[in-house]
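Note sheet for the following structure.
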Amino acid sequence: MLISLTVPCYNEEEALPFLYEALCKVMGDCPQYDYELILVNDGSTDKTLSVMKDMAAKDDRIHYISFSRNFGKEAAMYAGLAAAKGDWVGLLDADMQDPPSLLPEMFQTLESGEADIVATRRVSRKGEPPIRSFFARRFYHLINRHTDVEIVDGARDFRVMTRPVVDAILKMPECQRFSKGIFAWVGFRTKWLEYENIERIAGETKWSFWKLFLYAIEGIVSFTTAPLKIATYVGLLTSFGAFVYLLYYFIHAIINRIWDKVAGYPSLLSFMLFLGGMILMALGIIGEYLAKTYLEVKSRPLYIIAEENKKDD
Ligand code: UDP
Ligand code: MG
């Protein structure tokens, strides 16, 4: 049984040695499994690549892949999954926020055959700014109301999957990737393990609030077309509103015998502005989907590999 452990790394020179040590220890305690470690350098600007190379020189279980620039965690995870040769494949972050000590329990669950995926979720958001937690909750609420797959609040990318699951994920080569959705979409039996949030061991998070916001929009647009319906509903509602107002105004004019054309000017203007705003919003939503379609149609590769060891075996 071969297990591949895949780690996306972006500026993780400080964290990598800790992770490596922890993984060696955990895997040393599970001698029944062979393992390979796939380290994906996602265009780091620090010494991450040379740290990886040093490790690979000493340990031939390490396969490093280095991108030509930063392509994002989603692309790095895909590259790791594509390179993995294992019967089981694990995904974890480099910063020890995904505790390697959970791995043996995850392996046991797969061994017992009760699940095809052992995934993890954080039960607390300790150490996270409250505003970030608030928006994260709203996001999960929103996306789950409008998609047929359930995206679990607090789900991490930290998981171990069997080969059929990995193959299913690799069959989804869309370039606008939203892994949480993709993992949910492929299905299979998933067992969830829960753990408390752990702060990263070294270095700093690459997720600014703005980046997270864009990621959330990405998630919504990738997994539901519900926002497109907003335009239809809002359009219907405003037309109905306009009709009711017209009727009211007509009756009002007849009763009070006012036929002055100028009297309607302010309401006319505000209606026009309101409708203009609605139309622009609808166009924006359509544009968002069109842009995504455009990017997919180009079907560019998800990432470019500048160098790697073990390319041919
Ligand atoms: N990461 C990556 N490419 C990026 C950003 C992040 O490969 O563009 C990796 C990063 O090295 C880490 C994991 O993705 O292993 C999670 O990133 P981070 O810890 O910054 O996110 P957080 O845990 O704060 O959500
Ligand atoms: Mg982290």
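The values are calculated or read from the model by the stated rules, or taken from the named source; none is laboratory data. Please read all numbers here as calculations on a predicted model, not as lab measurements. Heads up, the Cβs are rebuilt from the backbone with ideal geometry, glycines too, and the neighbour counts pull from every protein chain shown. Protein only, heavy atoms only, side chains kept; ligands, DNA and RNA dropped before computing areas. Shrake-Rupley method; radii C 1.70, N 1.55, O 1.52, S 1.80 Å.
General remarks:
- Compared with the dominant Cα axis of the chain, that is its longest principal axis, helix 209-223 is turned about 80°.
- Translational diffusion coefficient (Stokes-Einstein; Kirkwood radius from C-alpha pairs) of the stretch 193-277 at 20 °C, 1.002 mPa s, in µm²/s: 118 µm²/s
- Residues D46, D59, ordered by accessible area of protein heavy atoms at a 1.4 angstrom probe radius and largest first, appear as D46, D59.
- Cα extents of the stretch 173-232 along the three principal axes, largest first (Å): 47, 34, 24
- Cα gyration tensor shape of the stretch 224-313, rounded if a/c is under 1.5, else prolate or oblate by comparing a/b with b/c: prolate
- Y248 contributes an accessible area of around 130 Å² to the protein surface, as traced by a 1.4 Å probe with all chains present.
- Net charge of neighbours whose Cβ lies under 10 Å from the Cβ of A56, counting Lys and Arg as +1 and Asp and Glu as -1: 0
- Mean residue ellipticity at 222 nm, helices only, the chain: -17000 deg cm²/dmol; runs of at least 4 DSSP H residues each add -39,500 (n - 2.57), and the sum is divided by the number of residues.
- Rolling a 1.4 Å probe over the protein chains gives F271 an accessible area of about 70 Å².
- Residues D153, D34, ordered by accessible area of protein heavy atoms at a 1.4 angstrom probe radius and largest first, appear as D34, D153.
- Taking the protein heavy atoms of the stretch 1-45 in the context of the full set of protein chains, the accessible area attributed to carbon and sulfur is 52 percent at 1.4 Å.
- Prolate/oblate/rounded label for the chain (Cα gyration tensor, a/c 1.5): prolate
- K206 sits with roughly 50 Å² accessible to a 1.4 Å probe, with DNA, RNA and ligands left out of the calculation.
- Here, P(r) means the percent of Cα pairs in each 10 Å bin from 0 to the largest distance; for the stretch 134-267 it is 9, 26, 24, 12, 11, 10, 6, 2.
- 1.4 Å probe accessible area per residue over the chain, in Å²: 55 Å²
- Ranking C24, C9 by solvent-accessible area of protein heavy atoms (1.4 Å probe, all protein chains present), from largest to smallest, gives C24, C9.
- Maximal additional length on extending the S208-L193 stretch stands at 2.7 nm, based on 0.36 nm per residue less the C-alpha distance.
- Cα gyration tensor shape of the stretch 1-123, rounded if a/c is under 1.5, else prolate or oblate by comparing a/b with b/c: prolate
- Note on the stretch 19-88: the alpha carbon radius of gyration divided by the globular reference 2.2 N^0.38 Å gives 1.15.
- Both radii are taken from the alpha-carbon atoms of the stretch 81-183; with Rh as the Kirkwood radius, Rg/Rh is 0.98.
- Scattering profile of the stretch 265-313 at q = 0.19, 0.20, 0.23, 0.28 Å⁻¹ [log10 I(q)/I(0), Debye over alpha-carbon scatterers]: -0.76, -0.79, -0.86, -0.98
- Relative to the longest principal axis of the Cα atoms of the chain, the long axis of helix 73-83 lies at roughly 40 degrees.
- Separation of the stretch 129-148 and the stretch 58-84, taken as the distance between their Cα centroids, equals 29 angstrom.
- Around D157: net Lys/Arg minus Asp/Glu count, Cβ-Cβ under 13 Å: +3
- Separation of the alpha carbons by more than 30 angstrom is noted, of K191/K298; K47/K298; K211/K310; K58/K85; K53/K85; K25/K206, for K191/K298; K47/K298; K211/K310.
- 0 to 90° range, to nearest 10: angle between helix 265-298 axis and the chain longest Cα axis: 30 degrees
- Low-density loop cleavage sites - trypsin sites (Lys or Arg not before Pro) in the stretch 115-164, where at most 14 other Cβ are within 10 Å (DSSP): K126
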